[in-house]
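This report concerns only the one structure given below.
The values are calculated or read from the model by the stated rules, or taken from the named source; none is laboratory data. In this text, all values refer to a predicted model and were calculated from it rather than measured experimentally. Note: ideal-geometry Cβ built from the backbone for every residue, glycine included; neighbour counts use all protein chains shown.
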Amino acid sequence: MEDAVTPGLLQGKFIFKTLPNGNLDRKKVICTLCKAEMAYCRSTSSLKYHLVHKHSEAPGKSVRQTTMLECNRGKPISPALSAKLTNLLAQWIAIDCRPIGVVGDDGLELLLQAATGDPSYKLPARRTITRRIHDQYTAEKAAKDVKLAGAVCVALTGDHWTSFKNDNYLGVTVHLIDVSWELHSFALGVIKTEERHFAEACARQFLDVANQWGITEKITTIGTDGAPNMIAAGRILPFEHLPCVAHLVQRSIVMSLRDGGFDGVLAKCRKVVGHFKHSPDNSDELNAQQASLEQDQESLVQDVPTRWNSTLAMIERLRRNRDAVHATLAQQTHKLALPTNAEYEKLAKLEKLLEPCKYVTELLGGEKYVSCSVVLPALCHLLRAMKISDDDPAYIVRFKTAFTKDLNQRREKINLEWLKVATALDPRFKDLKCLPKAEREIVWRKLSDLVKAEEPALQPPREENPEPPQKKTALLLLMGWESESDDDTPVDNVVERYKVGPCASLDQCPLKWWSEHTAVYGKMAPIAQKYLGTPATTVPCERLFSLAGHIVQKKRCSLSPHNVNMLVCLSDWWKKER
C-alpha cells in the first residue's frame, strides 16, 4: 500500500507522478516549481541540472536576496588600479621606513580587499615591491639631477653615523636656491665607509659623493661638526668650511654649567628622574599624584649629553611637577637626595639662561628658510642675554662669564668672513648692527669686490666704441634711480643703493625680498644665492641619521648599504616634497 503523503526528492523540489488509480509512478517525477514532468532512473543528477539551469538554484540551499556587498564582490579591480596600489605600497614602505616583509601580512591583504571590494586581490610579491622601489629611486634621482644641473651653486653638509650593526656611514645633504628664489634641501646619500675617519679619507669621501652627482665645480661651502678630523678635512677640500654653529653653542653651555657650579644640583635631578624613568610602579604613582593635584600626567625628562636642550627640558619638567614628585617620594621608603629650595631657585635662574640658547639652536637648525645670515645676529643676541647685572648671584656671574668667554673663543674659529657677507646680503640685517662699526665698512667693501668679480660673467662683451645712449640716460634721470637698467648701473652704485635702501620687515622672507628686487640689484643676485643658500648647522645631517636609524633596525640590520642609501634618500625626498 502506498504512503498517504506523496514522497519528494531534493527537499521536496520534485514529487513522483500520481497514476489515475492513486498509485505512484516511480519512474516519473514532477517539478514543483514549474510542473515539468521528467523521467527518474534512481539518480538525481538530471534533476539537479534542471534546478540549476532552469531555476538558478543550487539544490539543498535556501533562496534569499543577494546583498549589495555581495553584488560588488567578485568584480576584480582593473590592472591600472592594481599597478597604482603596488606603487603606493612601495612608496609607503619607503616614506615610513617599513620593512618590505609587510607585503606578506594577511591583515594588510584583508584591508585592501575590503577597501577595493575585490576578495580576490593579492598583495604583490617582495621582489615586485623591491623592483618598484628601485624604479622610483631612479626616477626621483633623475629629477634631483635636473634640479642640481640648473643650480648655479650649492652647499653641502656632512657627518658620520654608526648603525646598529656597527657599520660606519657618511651622510651628505645639499642646499641650493634656484632661479625662482626657492630654497631646496635634500639628501645626496648615506654611504657606507670602510676606512678610518682620518682627514684625508673624509675629504676624499666628500669628493666622491660630489663627483657622483656632478656638482664638484658648483660647491661653495661644506658644513661639518667641530671634530678635529672634520676641521682638517675642511682645510683639505677646495671649498669654504663652515663649522656647525649649534655644536659650538652646545659646547659653550656644557663648559659653563661646570664652571657655574651646577653639576651638583643637576646630578640630583638626574637621580630623581632616573628613579621614575626606570620603574613603571614609581611612574604610575607619580601619575596618580599628578591627577590628584589636577596636573597633566606627563613623564619626567632625562637629559642626554648628545641631545641639545635636553638639560633645559629636564629642569622645566621637574620644576613643573615638583609637588607631585615630592609627594610621591614621601610615600616611599626609598629616600633620595632632593633639591633644596635654594637649589630650586638656582634651577629657575638656570632655566632663564638656557631658554635663549634653545631659541638660537632651534632657529639656526631650520632647513626650510635662510639660516646662515642669522648666525651673527643670533650670537649677538646670546651675548646680550649673558650680560652681567647687579642682581645676579655669584654662580650666575660665573656661568655668564664662562659662557661669554667660551663662545667668543669658538666664534673666532667659525668662518666669520663668509657669515659677515651673508648677513649683509640679508635685507633684515644689512645694517650690520651685530658687528662693531669699524668692521661694517670692511664688509661692504668685500661685497663690492665680490660683485665686481661676478660682473664679467654676467655682462656680454661690449663693442669697443659704443654709441652713447643719450636718450636712454635722459629718460633714466627723469624716472629716478630705481628704474635704472641693471646693465648700465655701476657696481659701486648698486651696492651703495642696496646698503642705504629701504630694509625689509623682520618677518619678511629674504628670498621673497630678493625675488621682488632682482631687477634693481641684479648684479648682486648671484652673490645672494651663493651666500644665503648655505645652512648654518649640520642639523640636516642629524635628521638624516634619525631617519636612517628607523630603517637599519635590529630586524633589518642585514640590509645592504645600497638599499640603506636608496631607502633613506627616498624617504627624505618624499617627506620634503609633501
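Quick look at the numbers
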| quantity | calculated |
| --- | --- |
| Residues of the range 247-296 satisfying the condition of being of a type in the set (S, T, N, Q) and not in a helix (DSSP H, G or I) | Ser279, Gln295 |
| Pick from the range 195-246, criterion among the acidic types (Asp, Glu) and in a loop (DSSP other than H, G, I, E, B), ranking: surrounded by the fewest Cβ atoms within 10 Å (Cβ to Cβ) | Glu195 |
| Some residue of the range 172-185 being in a helix (DSSP H, G or I) and crowded, with 19+ Cβ neighbours inside 10 Å | no |
| Filtered residues of the range 206-242 (kept if among the hydrophobic types (A, V, I, L, M, F, W, C), over 29 Å from His562 (Cβ atoms) and within 24 Å of the chain's Cα centre (by Cα)) | Leu242 |
| Residue ID - modelled with the lowest pLDDT, chosen from residues in the range 47-106 that are among the small types (Gly, Ala, Ser), more than 30 Å from Lys35 (Cα to Cα) and outside any helix (DSSP H, G or I) | Gly74 |
| Test set (1) in a helix (DSSP H, G or I); (2) surrounded by 19 or more Cβ atoms within 10 Å (Cβ to Cβ); (3) of a type in the set (Val, Ile, Thr) - Val190 fails condition number | (1) |
| Pairs where the first residue, in the range 432-443, is assigned by TED's automatic domain parsing to the domain that holds Glu496 and the second is assigned to a loop (DSSP other than H, G, I, E, B) and aliphatic (A, V, I, L, M), C-beta under 6 Å, 6+ apart | Arg440/Leu432 |
| Number of positions in the range 385-427 that are assigned to a loop (DSSP other than H, G, I, E, B), under 32 Å from the mean Cα position of the chain (by Cα), surrounded by 18 or more Cβ atoms within 10 Å (Cβ to Cβ) and not polar (S, T, N, Q) | 4 |
| Selection from the range 270-299 of residues that are crowded, with 16+ Cβ neighbours inside 10 Å and under 30 Å from the mean Cα position of the chain (by Cα) | Val273 |
| Elements of type helices (runs of 4 or more DSSP H) in the range 300-364, at least 1 residues being over 37 Å from the mean Cα position of the chain (by Cα) and either more than 27 Å from Lys387 (Cα to Cα) or among the polar types (S, T, N, Q) (or both) | 322-330, 341-364 |
| Candidates Thr328, Thr333, Thr311, Thr340 - the one that is touching a helix residue (DSSP H, G or I) at 6+ places or on another chain (Cβ under 9 Å) and either assigned by TED's automatic domain parsing to the domain that holds His175 or without any contact (Cβ under 8 Å) to a residue 12 or more places away in the chain (or both) | Thr340 |
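Yes or no, residue by residue, for (1) on the phi < 0 side of the Ramachandran plot; (2) touching a Gly at 6+ places or on another chain (Cβ under 7 Å); (3) at pLDDT 90 or above:
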{"residue": "Cys244", "(1), (2), (3)": "yes, yes, yes"}
{"residue": "Leu266", "(1), (2), (3)": "yes, no, yes"}
{"residue": "Lys271", "(1), (2), (3)": "yes, no, yes"}
{"residue": "His275", "(1), (2), (3)": "yes, no, yes"}
{"residue": "Pro280", "(1), (2), (3)": "yes, no, yes"}
{"residue": "Glu285", "(1), (2), (3)": "yes, no, yes"}
{"residue": "Gln289", "(1), (2), (3)": "yes, no, yes"}
{"residue": "Pro305", "(1), (2), (3)": "yes, no, no"}
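So that you can scan it fast, the table gives a plain yes or no per residue for (1) in a loop (DSSP other than H, G, I, E, B); (2) at pLDDT below 85; (3) surrounded by 11 or more Cβ atoms within 10 Å (Cβ to Cβ); (4) within 27 Å of the chain's Cα centre (by Cα):
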position	(1), (2), (3), (4)
Glu455	no, yes, yes, no
Pro461	yes, yes, no, no
Glu464	yes, yes, no, no
Asp507	yes, yes, no, yes
Ala536	yes, no, yes, yes
Arg543	no, no, yes, yes
Lys555	no, yes, no, yes
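Conditions tested, residue by residue: (1) under 26 Å from the mean Cα position of the chain (by Cα); (2) surrounded by 12 or more Cβ atoms within 10 Å (Cβ to Cβ); (3) over 19 Å from Ile551 (Cα atoms).
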| residue | (1), (2), (3) |
| --- | --- |
| Ala80 | no, no, yes |
| Thr86 | yes, yes, yes |
| Gly101 | yes, yes, no |
| Gly107 | no, no, yes |
| Arg132 | yes, yes, no |
